[in-house]
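The values are calculated or read from the model by the stated rules, or taken from the named source; none is laboratory data. The model shown is predicted, which means the values in this text are computed figures rather than measured ones. As a convention, Cβ positions derive from the backbone with ideal geometry for all residues, glycine included, and neighbour counts pool all protein chains shown.
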Amino acid sequence: MLAQAQVRAQTLHRSVDLRLGDAQHLSFPDASFDTVVATLTLCSIPNEEAAVAEMARVLRPGGRLVLLDHVASPARPVRAVQRLLDPLLVRVEGDHLLREPDAAVRAAGLVIDELTRSKWGIVLRLTAHKPTPRDPPPSGRGQCLTGRLTGPEHSEPPRRLAHVSPDPCHPSKGESPWVS
Ligand SMILES: C[S@@+](CC[C@H](N)C(=O)[O-])C[C@H]1O[C@@H](n2cnc3c(N)ncnc32)[C@H](O)[C@@H]1O
């Protein structure tokens, strides 16, 4: 993968410092990056909380985290299928289907700015930032209020994510986040 990235960097005439490492133990000082991007990686990393905590550590205050991954769907029927397949996929591919990186992002002290789900809630795109001393204190509610749910294959117009539970990203039993 690094070789592919090297070729791509050369094609774009960019000078890029490419390194191989364990995302759970980054070899960079605190607050050394403006932006961290992780695509389709947290599903494979053994300890996603440790990896997100490392991402938060190396971000400077005000720095941005950009994530795209496949995650546990909030839709119960879809999640039930994921629950069935997860043990097999973990064993064969090391690929976890029931991850909830947005919870790990909040636990790492980052503030979610935008969260969108597509493909029956399985694909999650998220941007967050590391708070600065100027940020208001976290309310604990409504971090996902700006999130949108888009329909399968974008065939439906975006639907706003209603504030239906204390944690709108993880509704309690009987509550649905899929509100028009
Ligand atoms: C499904 S692939 C995605 C690759 C790439 N990010 C992409 O978007 O195409 C999952 C990747 O996670 C990487 N990975 C798994 N555990 C890791 C760890 N502890 N630290 C860093 N990368 C890890 C694997 O090496 C693999 O390249």
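Summary of computed values
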{"quantity": "Pairs, first closer than 12 Å to residue 57 by Cα in the range 18-39, second among the small types (Gly, Ala, Ser) and surrounded by fewer than 12 Cβ atoms within 10 Å (Cβ to Cβ), C-beta under 9 Å, six or more apart", "calculated": "27/21; 28/21"}
{"quantity": "Residue 21, sole failed condition from (1) within 18 Å of the chain's Cα centre (by Cα); (2) within 15 Å of the ligand (Cβ to nearest atom)", "calculated": "(1)"}
{"quantity": "Matching residues, the range 55-87, being within 16 Å of the ligand (Cβ to nearest atom), of a type outside the set (Val, Ile, Thr), more than 14 Å from the chain's Cα centre (by Cα) and within 18 Å of residue 26 (Cα to Cα)", "calculated": "57"}
{"quantity": "Filter result for the condition that a residue is of a type outside the set (Lys, Arg) and touching a residue at least 60 places away in the same chain (Cβ under 8 Å), over 87, 74, 46", "calculated": "74"}
{"quantity": "Boolean, residue 113 is under 20 Å from residue 63 (Cα atoms) and either modelled with pLDDT of 95 or more or part of a helix (DSSP H, G or I) (or both)", "calculated": "yes"}
{"quantity": "Hey, residue 163 at pLDDT below 95, assigned to a loop (DSSP other than H, G, I, E, B) and under 24 Å from residue 65 (Cβ atoms) or not", "calculated": "yes"}
{"quantity": "Answer from 18, 89 - the residue that is more than 19 Å from residue 106 (Cβ to Cβ) and in a loop (DSSP other than H, G, I, E, B)", "calculated": "18"}
{"quantity": "Yes/no for residue 99 being assigned to a loop (DSSP other than H, G, I, E, B), crowded, with 18+ Cβ neighbours inside 10 Å, more than 11 Å from the ligand (Cβ to nearest atom) and of a type in the set (Lys, Arg)", "calculated": "yes"}
{"quantity": "Only listed residue being in contact (Cβ under 8 Å) with a residue 40 or more places away in the chain and in contact with a Gly (Cβ under 7 Å, 6 or more places away or on another chain), chosen from 128, 56, 103", "calculated": "56"}
{"quantity": "Subset tally (residues that are in contact with a helix residue (DSSP H, G or I) (Cβ under 9 Å, 6 or more places away or on another chain) and surrounded by 10 or more Cβ atoms within 10 Å (Cβ to Cβ)) for the range 1-24", "calculated": "5"}
{"quantity": "Top-ranked residue of the range 34-46 - restricted to ones that are surrounded by fewer than 19 Cβ atoms within 10 Å (Cβ to Cβ) and away from the ligand (no atom under 11 Å from the Cβ), ranked as farthest from the chain's Cα centre (by Cα)", "calculated": "34"}
{"quantity": "Any chance residue 49 is within 12 Å of the ligand (Cβ to nearest atom) and either within 25 Å of residue 134 (Cα to Cα) or out of contact with any strand residue (DSSP E or B) (no Cβ under 9 Å at 6 or more places or on another chain) (or both)", "calculated": "no"}
